[in-house]
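Read-outs: derived from the displayed coordinates by stated rules, not from any lab. As the structure is a computational prediction, the values presented were derived from the model and not from experiment. Glycine also receives a Cβ, built like all others from the backbone with ideal geometry; neighbour counts cover every protein chain displayed.
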């Protein structure tokens, strides 16, 4: 079954879910930033069409320090867990 939820359209929903979990505003902002960067890299796709290869390629393309890369990974992981069935 294909979802009709695109990553870019789901960022606001995800931000609300993070706020409901009482995550800090900085964490929510970092997570949102990671998602916007992913959308810029892959294009806006339905959530269920974003593959592990897409995410690996995105992370591999980043020219940031290891801590920032880990932050990107953490934010993306949190996002896709919310939408995992």
*Could you figure out which of (1) in contact with a helix residue (DSSP H, G or I) (Cβ under 8 Å, 6 or more places away or on another chain); (2) touching a residue at least 24 places away in the same chain (Cβ under 8 Å); (3) in a helix (DSSP H, G or I) isn't true of residue 54?*
(2)
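Is it fair to say residue 14 is without any contact (Cβ under 8 Å) to a residue 60 or more places away in the chain, part of a helix (DSSP H, G or I) and touching a helix residue (DSSP H, G or I) at 6+ places or on another chain (Cβ under 9 Å)?
No: the conditions fail for residue 14.
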*asked:* One residue is enough: does region 40-51 have a residue meeting the conditions crowded, with 16+ Cβ neighbours inside 10 Å and outside any helix (DSSP H, G or I)?
replied: yes
*Test residue 63 against the stated conditions and say whether it is over 16 Å from residue 13 (Cα atoms), out of contact with any strand residue (DSSP E or B) (no Cβ under 6 Å at 6 or more places or on another chain) and not in a helix (DSSP H, G or I).*
yes
